[in-house]
Amino acid sequence: MSEVVESEKTARLIPNPIVLQRADPCVLRHDGQYYFTGSHPLYDRVVLRRAERLDDLQSAEEVTIWERHADGPMSQLIWAPEIHRVDGAWYIYLAAAPDAHGTVDVPGSAETFNHRVFVLENTADDPFTGEWVERGQVDTGWESFALDATSVVIDGEQYLVWAQQAFDVRGHSNIYIARMADPWTLATPAVLLTKPEHDWETVGFWVNEGPSVLVREGRVFLTYSASATGVEYAMGLLTADLGSDLLDPASWTKSPDPVLVSDPSVGQYGPGHNSFTELPDGTPVLVYHARSYTEIAGDPLWDPNRHARAQVLPFDADGNPVWGTPVPDTRPVPTSQEVLSPGGV
């Protein structure tokens with residue numbers, strides 16, 4: 001118990017938010033640097049910044065490494081870029097759409113968007129140099145609303161985990177996994193891991209999205225987010241044993257309850273769409289976005305104040321994550337709809 005308490009104290013030493021107005025945050029630690037990307041509130045570009053400390057990401061220079069096309073399938077609503085390092089190259093997985101309109105893909109479902117998953121590659125040692133090459137759309141096996149792809153290499157095999165709408169499942173998106181032949185091509189068919197089924201996953205929208213993977217303590221932890229993106233947004237969890245067949249749904253256990261939810265006592269609402277990074281000593285860090293208020297003017301999609309946050313993720317004596325609750329803000333946050341300039345406060 002003392003180790004958990006000490007880790008919780010350490011969590012509060014990370015000034016939060018770590019980056020303002022960047023939802024769907026992805027942080028990768030590589031060669032002593034933290035690389036950060038996330039959804040820009042204008043949804044028109046992919047941005048990247050880096051710093052030696054999580055504390056310094058907000059003040060770090062932000063560089064636009066890719067911009068949306070004038071038209072076509074990568075021209076609208078650029079969502080949830082993630083940066084990954086695979087076999088000595090850099091990859092960014094992103095969702096893009098040909099339009100900003102929704103479509104009804106499944107009878108009885110509410111409107112969804114027209115996103116698909118795309119891949120950018122940079123073979124330079126430094127992702128701020130070299131050329132980001134478009135490797136195209138990931139063929140997931142069927143055409144429907146698809147987004148929030150993440151990647152993980154386990155025992156030498158690369159896997160893609162993503163959210164997509166199915167024509168025979170009620171709702172907007174489910175979580176799928178497949179093994180990859182290369183960083184932009186699937187080697188196996190998609191396998192359904194989780195769909196919206198519990199009450200907390202079906203508030204506002206029937207959604208499972210934003211997966212992220214952490215390998216630790218001989219297990220594979222797969223987090224995801226559910227419901228609409230306001231105060232109801234929350235994080236769920238699947239767990240598998242390391243060494244099991246990750247493409248077999250029977251290898252995974254789904255927690256019936258969310259693991260991270262809104263907490264009015266600390267002024268944090270709608271925590272979700274997380275990623276994982278680590279401290280220099282290897283201690284796991286949970287990264288996610290949340291808002292500091294509940295009253296949203298207009299469509300929540302265009303409210304820019306989902307800020308990136310980070311906190312140490314403690315583990316108990318049995319090797320289980322102790323998710324706790326979102327940490328309170330220790331830095332001032334904007335309360336208006338104004339989109340901040342890159343890196344600005």
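Values for this structure:
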item	result
Residue check for Gly272: under 20 Å from the mean Cα position of the chain (by Cα), under 30 Å from Gln33 (Cβ atoms) and of a type outside the set (Ser, Thr, Tyr)	yes
Extreme residue, least open to solvent (accessible area, probe 1.4 Å), among residues of segment 90-105 that are farther than 27 Å from Arg29 by Cβ and of a type outside the set (Asp, Glu)	Ala97
All strands (runs of 3 or more DSSP E) inside segment 133-177 with 3 or more residues being touching a Pro at 6+ places or on another chain (Cβ under 9 Å) and surrounded by 21 or more Cβ atoms within 10 Å (Cβ to Cβ)	146-154, 157-164
Conditions (1) open to solvent by 60 Å² or more (accessible area, probe 1.4 Å); (2) closer than 24 Å to Leu313 by Cβ; (3) modelled with pLDDT of 95 or more; (4) of a type outside the set (S, T, N, Q); number of the one not met by Glu217	(3)
Within segment 190-251, strands (runs of 3 or more DSSP E) holding 1 or more residues that are in contact (Cβ under 8 Å) with a residue 24 or more places away in the chain and among the aromatic types (Phe, Trp, Tyr)	219-226
Segment 33-57, subset farther than 20 Å from Ala95 by Cα and under 18 Å from the mean Cα position of the chain (by Cα), residue most open to solvent (accessible area, probe 1.4 Å)	Arg50
Options Ala297, Ala234: the member that is modelled with pLDDT under 95 and either among the small types (Gly, Ala, Ser) or farther than 23 Å from Val220 by Cα (or both)	Ala297
Residues satisfying the stated conditions in segment 63-89, i.e. surrounded by 20 or more Cβ atoms within 10 Å (Cβ to Cβ) and either in a loop (DSSP other than H, G, I, E, B) or in contact with a Gly (Cβ under 8 Å, 6 or more places away or on another chain) (or both)	Met74, Ala80, Pro81
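The values are calculated or read from the model by the stated rules, or taken from the named source; none is laboratory data. Since we're looking at a predicted model, the values are computed, not measured. Because the Cβ atoms are built from the backbone with ideal geometry, glycine has one as well, and the counts that use them run over all protein chains shown. The accessibility values were calculated without ligands, DNA or RNA, using every heavy atom of the protein model including side chains. Shrake-Rupley method; radii C 1.70, N 1.55, O 1.52, S 1.80 Å.
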